[in-house]
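Below is one structure, written out as structure tokens; the observations come after it.
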Amino acid sequence: MNYEEYLRRVPKVELHCHFEGTVRPATFADLARQHDIALPTSDVGKLYDYETIYEFLKIFAMVSSTLIDRQDFARAAYESVADGATLGNLKYREMFFNPTLHTRRGVAMATIIDGLIDGIREAETDFGVRCRLIADVYRQDEPAVARQMVEDVLACRRPELIGLGMDGAEAPDPPEKFVDAYRVAARGGLRLTSHACEDAPPENVTSCLDVLGCERIDHGYHVLASPEVTGRCRDEGIYFTCCPTSTAVVYGWPDLTGHPIKDMVAAGLQVTINSDDPTMFHTDIGREYVDLCGALGYQVEQVRTFVLNGVDAAWLDDTDRAAMRADFTKELDELEQQLA
Ligand code: ADE
Ligand code: ZN
């Protein structure tokens, strides 16, 4: 087996992946046709072309607008997990979704959540991949909208729904804006994470940890601008869910050899590798490992660290985590033996 195949086949946990950003372009086009929604191009290969995070977020919202019925959510969620399994040996995912992008169009919260759960349960049966859900605050919403979203999510709580996160454009809307929503989520027993330092200074990580009570940080690259915040995150063992391709595309590190992930690893931070919005960024979870480890020359020990960081950072109970660690370790040992 060559190194690229090995990287594709190592068992993976994914903790930073947006449901709406996993919709296959052909499914996006098909749902648009079914619901009579006009698209900017009839060329499926061009649907996911954009240059900035702002243009990206517009397309993200357009994809969301084609998800209307419970079966739309179920179909797209099933395909999303299937793609992770077949393209990157995905075993477990905690997947974001943006409730208010759907509820503001009149889709009921229960339709969204039950549809997603139909899809991920069917995919678990067919592919053996477990998937859990994290509802994301959309940063450009008003605080009261976010808080109401959390209350509605808690009213529709299902066992698969385990956490609250936050996404959208980071620079204009700091984390503290949503302290109420995070308090309600914490009281309701949800685990907490947030996108931070994707596109803003290190103070945003401090606010996420100290004001919102986040346990993980999604992205986190600009934390490196502060030795103090970096040192704190290292000492506290904070896990970062990093996404090589998506951030390389929209934030201008086009060559992965210059991606801050390299310095985060060197600084002793606990990094996990993720695909973010795989179909929209023309990638997949297998490819993220192939491209990053290829560009930065990471060998099997570092790959093992990325993989097991994913297991350790996952919101599993101790029994599940120990079982997954044992399974992954065995599979990694076998794959390493087969490496040419
Ligand atoms: N929504 C979906 N993907 C995102 C990202 N990488 N950053 C901010 N918001 C997002
Ligand atoms: Zn993201």
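For a label point 7 Å from the Cα of Glu301 along Cα→C-beta, name the residues of segment 263-278 whose backbone N is under 18 Å from it. Only 263-271 pass the distance filter. Computed over segment 147-284, relative contact order equals 18 percent, with contacts defined as Cα pairs under 8 Å that lie 6+ residues apart. Here segment 167-186 is scanned for amide nitrogen atoms under 11 Å from the site 7 Å beyond the Cα of Val211 along Cα-to-Cβ, giving 173-180. Per residue, the chain exposes 38 Å² of solvent-accessible protein surface, assessed with a 1.4 angstrom probe and all protein chains in place. Would you give the gap between the C-alpha center of segment 17-40 and the C-alpha center of segment 186-242, rounded to a whole Å? Centre-to-centre distance over Cα atoms comes out at 32 Å.
Met1 label point, 7 Å along Cα→Cβ, cut-off 18 Å on backbone N: hits in segment 283-302? Residues 285-294, 298-302 fall inside that zone.
Relative contact order for the chain: 21 percent, from Cα pairs under 8 Å spaced at least 6 residues apart, divided by residue count.
Between Asp317 and Ala61, the distance separating the two model label sites (each 7 Å from Cα on the Cα→Cβ line) works out to 4.1 nm.
Helical runs (DSSP H, four residues minimum) scored at -39500 (n - 2.57) apiece and divided by the length of the chain put the mean residue ellipticity at 222 nm at -15500 deg cm²/dmol. Simple point charges give the picture: +1 on the Cβ of Lys and Arg, -1 on the Cβ of Asp and Glu, and for segment 34-132 a dipole about the Cα centre of about 320 debye.
For the chain, the number of Lys pairs with C-alpha atoms closer than 28 Å, counting only pairs eight or more positions apart or on separate chains, is 8.
Along the Cα→Cβ direction, 7 angstrom out, place labels at Glu151 and His282. What is the inter-label distance in nm? That separation, rounded to one decimal, is 4.5 nm. Extension gain for Glu124 to Thr329 (0.36 nm times residue separation, less C-alpha to C-alpha distance): 71.7 nm. Apolar share of the accessible surface for the chain: 49 percent from carbon plus sulfur atoms, 1.4 Å probe.
Using a ≥ b ≥ c from the Cα gyration tensor of segment 77-161 (square roots of the eigenvalues), is it rounded, prolate or oblate, where a/c under 1.5 gives rounded and otherwise the larger of a/b and b/c decides, a/b for prolate? Prolate.
Going by a ≥ b ≥ c, the root eigenvalues of the Cα gyration tensor, does the chain fall in the rounded group (a/c under 1.5), the prolate group (a/b larger than b/c) or the oblate group? Because its axes are fairly even, with a/c under 1.5, the chain counts as rounded. Determine the shape class of segment 172-267: with a ≥ b ≥ c the square roots of the Cα gyration tensor eigenvalues, call it rounded for a/c under 1.5, and otherwise prolate if a/b is greater than b/c, oblate otherwise. It is prolate, given that a/c is not under 1.5 and a/b is the larger ratio. Taking the charge dipole of the chain about its Cα centre, with +1 at Lys and Arg Cβ atoms and -1 at Asp and Glu Cβ atoms, the residue from Phe127, Ala248, Val184 reaching farthest to the positive side is Val184. Dipole magnitude for segment 3-338: about 500 debye, using +1 per Lys or Arg Cβ and -1 per Asp or Glu Cβ, origin at the Cα centre.
The values are calculated or read from the model by the stated rules, or taken from the named source; none is laboratory data. Keep in mind the model is a prediction, meaning the values are calculated, not measured. With ideal geometry, Cβ positions are generated from the backbone for all residues, glycine too; neighbour counts draw on all protein chains shown. SASA here: full protein model, heavy atoms, side chains in, ligands and nucleic acids out. Shrake-Rupley method; radii C 1.70, N 1.55, O 1.52, S 1.80 Å.
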